[in-house]
1. I'd like to verify a number: residues in segment A:124-141 that are at pLDDT 70 or above and open to solvent by 50 Å² or more (accessible area, probe 1.4 Å), how many?
2. Only one of A:T197, A:T207 is at pLDDT 90 or above, within 14 Å of chain B (Cβ to nearest Cβ) and either open to solvent by 40 Å² or more (accessible area, probe 1.4 Å) or within 30 Å of A:I300 (Cα to Cα) (or both); which?
3. Quick check: is even one residue across segment A:167-185 in a helix (DSSP H, G or I) and open to solvent by 50 Å² or more (accessible area, probe 1.4 Å)?
4. Out of everything in segment A:52-67 that is open to solvent by 70 Å² or more (accessible area, probe 1.4 Å) and either in contact with a Lys or Arg (Cβ under 7 Å, 6 or more places away or on another chain) or β-branched (V, I, T) (or both), what residue ends up being modelled with the lowest pLDDT?
5. What tally of residues in segment A:351-377 results from selecting those that are touching a Gly at 6+ places or on another chain (Cβ under 9 Å), part of a helix (DSSP H, G or I) and either open to solvent by 40 Å² or more (accessible area, probe 1.4 Å) or not hydroxyl-bearing (S, T, Y) (or both)?
6. Report every pair of residues separated by at least 6 positions or lying on different chains whose Cβ atoms are under 7 Å apart, first residue within segment A:311-323 and at the interface with chain B (Cβ under 7 Å from one of its Cβ atoms), second open to solvent by less than 10 Å² (accessible area, probe 1.4 Å) and among the small types (G, A, S).
7. Select from segment B:163-189 the residues that are of a type in the set (A, V, I, L, M, F, W, C), open to solvent by less than 60 Å² (accessible area, probe 1.4 Å) and farther than 22 Å from B:I88 by Cβ and list them in ascending order.
8. List every residue pair whose Cβ atoms sit under 8 Å apart, with the two residues 6 or more apart in sequence or on different chains, where the first one lies in segment B:234-258 and is charged (D, E, K, R) and the second, anywhere, is surrounded by fewer than 24 Cβ atoms within 10 Å (Cβ to Cβ).
Amino acid sequence: MNTRLKEDGSSRKQILITSMLFMGLGHIVHFKQYIKGFFYALFEVLILFMLPTILRKLNDMVTLGIMKPDLPVKERDHSIFMLIDGVIVLAILFIFVVVYIISVKSALAEYKEFCIDKRLKTNKESISRALGKSFPIFGLAPSVGLILFFVVVPLIFSACVAFTNYSAPNNIPPNNTVDWVGMDNFVAMFGGEAVWTSALGRVALWTIVWAVLATATCYFGGLIMAVVLMDNKLKFAPIFRGVFILPYAVPSVVSMLVWQNLLNGSFGTVNRTLMQLGWIDKAIPWLSNEWLAKFTTILINLWAGFPYFMLLVTGTMTAISADLYEAARIDGANKFQVFKKITLPMVLYQTMPLIIMSFTHNINNFGAIFFLTGGNPVVSDSTITSAGGTDILVTWIYKLTVNLMKYSYASVLAIMIFIILAPFAIFQFRRTKSYKEGEF
Amino acid sequence: MGNKVIKRINLTIVLVILTIFSLGVLYPLVYVVSAAFSPGNSIASLSIIPFGDGFTLEHFTHLFNNTNYLIWFKNTLIIALWTSILTIIVASLGAYVFSRFSFTMKKSMMLLMLILQIFPSFVGMVAIYVILLRIKGLDTLWGLVLVYLAGNIPYNTWMVKSYVDTIPKSLDESARIDGANHLHIFRKIIMPIARPIIVFLGITSFTAPWMDYIFPKMILRSADKQTLALGLFSFVTDKKNEFTVFAAGALLVAIPFIIFFIITQKTMVTSFGNAAVKE
């Protein structure tokens with residue numbers, strides 16, 4: 001094969017073919033970049049070497065194992081291991097494809113520069129360039145690896161489970177295998193089984209109401225406190241700030257468990273105090289009346305959540321250049337105008353992604369519900385579905401997974417969370433300034 | 001003069017309101033402190049007035065002598081420290097790359113991270129369990145650290161990135177002209193200027209493991225590998241109510257936290273960046 005390259009750009013096709021033929025081949029043959037090419041090639045050799053295993057794992061993922069009731073439990077096909085291994089293999093294949101594309105692109109870019117420079121790069125040049133260019137790769141490698149194996153693979157796995165019958169009592173490995181069932185679980189949850197459908201509607205609605213109220217109360221609570229305490233005429237500001245940070249400093253499991261005990265209907269301190277003061281005659285069912293319990297969760301969440309935003313807004317406000325404030329003061333702006341025209345827009349711009357994230361965090365705020373009310377009080381369908389009056393989707397997922405072992409239904413709920421939140425998150429993200437002005 | 005009086009009245013009203021809020025914020029905390037030193041076990045037997053039952057240290061001696069409290073504390077501290085350190089390194093490095101470099105699939109990666117942090121990690125807990133089983137990470141502290149670290153990255157990379165975006169690029173460029181490489185710029189320029197957000201990140205990722213219950217419950221089995229959340233929760237279950245012991249244990253966790261917070265909040269609110277960025 002002729003490895004001579006023409007300088008007028010007409011060898012592009014030749015390079016494309018060589019680098020697509022085998023990963024890294026283009027770098028070795030055309031550009032004499034042996035080290036870079038070697039690592040690319042090594043990766044492809046590894047994948048080819050693993051090919052039989054890869055194919056077997058993918059096949060297992062499709063069949064999910066066969067029932068072998070006569071074998072001892074340990075030797076039977078374990079559908080869940082098969083499914084997870086299949087997802088991991090897919091993830092590795094995905095990385096392989098991406099690296100392949102990158103290698104081809106890199107070869108083409110190399111050629112472009114060759115046409116301009118009219119010569120190959122010396123070894124020294126290409127090594128120092130590779131070091132500079134590879135910084136993003138080394139910088140992101142830990143993030144990508146961890147996210148892939150501990151976030152993406154588990155999530156894809158649980159998305160897959162939504163299309164299987166992985167649930168107690170009949171389909172729990174290793175005793176039994178699990179099978180693909182298509183959309184059966186979705187049909188059951190959306191109209192097929194009345195109890196589950198109504199529970200789903202109730203929980204989904206409350207999840208959204210909860211998240212909106214929880215985020216809004218905490219953000220504005222924190223914002224107001226931050227702005228009030230930034231006023232340098234206020235003498236005891238640091239002391240107040242210190243006090244207001246305290247709920248944030250206390251681990252939330254602790255504070256929620258404390259509130260749970262304080263607000264207990266029969267022996268809780270809050271009720272006993274109010275009764276002794278003569279303000280109420282009988283105990284207020286803070287956590288045992290469905291609607292009051294909902295109100296209580298939001299109130300207690302405000303107690304626990306506003307310090308986060310107070311800290312965040314305070315930090316953001318100190319980043320606003322003092323020149324801006326000075327200019328505003330010289331122009332004769334009053335405090336409220338400064339707040340409305342400078343502080344608020346700047347703070348909102350800086351914290352917008354965090355407000356979105358806080359909303360999504362509250363959709364998933366397991367601790368604030370689980371340790372305060374446990375999802376209770378019990379309502380009419382709770383005995384079958386295990387969903388209580390203050391349960392949000394995630395706490396319900398937890399109960400379905402741990403108590404009822406209905407993994408398939410739990411996965412349907414996880415997909416619902418995705419469907420509710422993903423478009424919302426993307427929409428909000430596109431409205432943010434960093435999307436409009438940034439490099440996107 | 002009238003103006004001055006109005007201002008003083010306004011300030012007083014603000015002070016009064018803030019004081020009332022402070023009392024509301026402090027109420028449960030003060031009550032826990034008093035419960036920790038009160039005789040008796042259940043919350044039902046406690047006086048409604050803080051410190052109204054007398055004073056005892058028996059719950060603390062009980063914690064140290066009859067429970068594994070110290071081991072729980074040590075385990076949780078190890079987990080939290082490692083999670084915090086590794087999160088700072090991995091997330092800020094990622095944030096720097098996302099803020100300063102352009103590369104293939106950058107946009108889709110950032111979007112993916114935004115979408116991924118939608119899910120609570122435990123949605124995938126069955127898979128995480130099996131993966132840890134495969135890499136022998138079950139019933140180990142580092143297995144738990146890995147899970148926390150991975151869960152922290154998407155959110156925190158975004159947070160640090162939006163901060164690094166506000167640092168003028170002219171700073172890196174002048175450093176690059178002086179011959180500094182990327183790692184040097186990251187360590188010597190970006191990290192110091194981004195210190196407030198790094199501190200914030202360090203604190204949030206340090207506190208999270210103290211609060212978590214689900215993953216320790218799932219991953220840690222043996223008695224010598226339990227964490228504080230698991231231990232404390234065991235004092236106030238449906239079956240038994242040892243609120244005073246719980247309060248004593250909770251107090252010992254909260255005090256170092258509170259001291260730490262009061263120290264670090266100064267760093268977090270002091271002005272930054274301005275001195276370094278003179279354009």
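The values are calculated or read from the model by the stated rules, or taken from the named source; none is laboratory data. Just so we're clear, the structure is a prediction, and the values are computed from it rather than from any experiment. Here the Cβ is made from the backbone with ideal geometry for all residues, glycine too, and neighbour counts use every protein chain on show. Please note that ligands, DNA and RNA were not included when accessible areas were found on the heavy atoms of the full protein model with its side chains. Shrake-Rupley method; radii C 1.70, N 1.55, O 1.52, S 1.80 Å.
1. So the answer is 9.
2. None of the other options fit; the residue is A:T207.
3. Checked segment A:167-185: at least one residue is in a helix (DSSP H, G or I) and open to solvent by 50 Å² or more (accessible area, probe 1.4 Å).
4. Among them, the one singled out is A:I66.
5. So the count comes out to 3.
6. A:T314/A:A226
7. Selection gives nothing.
8. B:E242/B:N41; B:E242/B:S42; B:E242/B:F235; B:E242/B:V236
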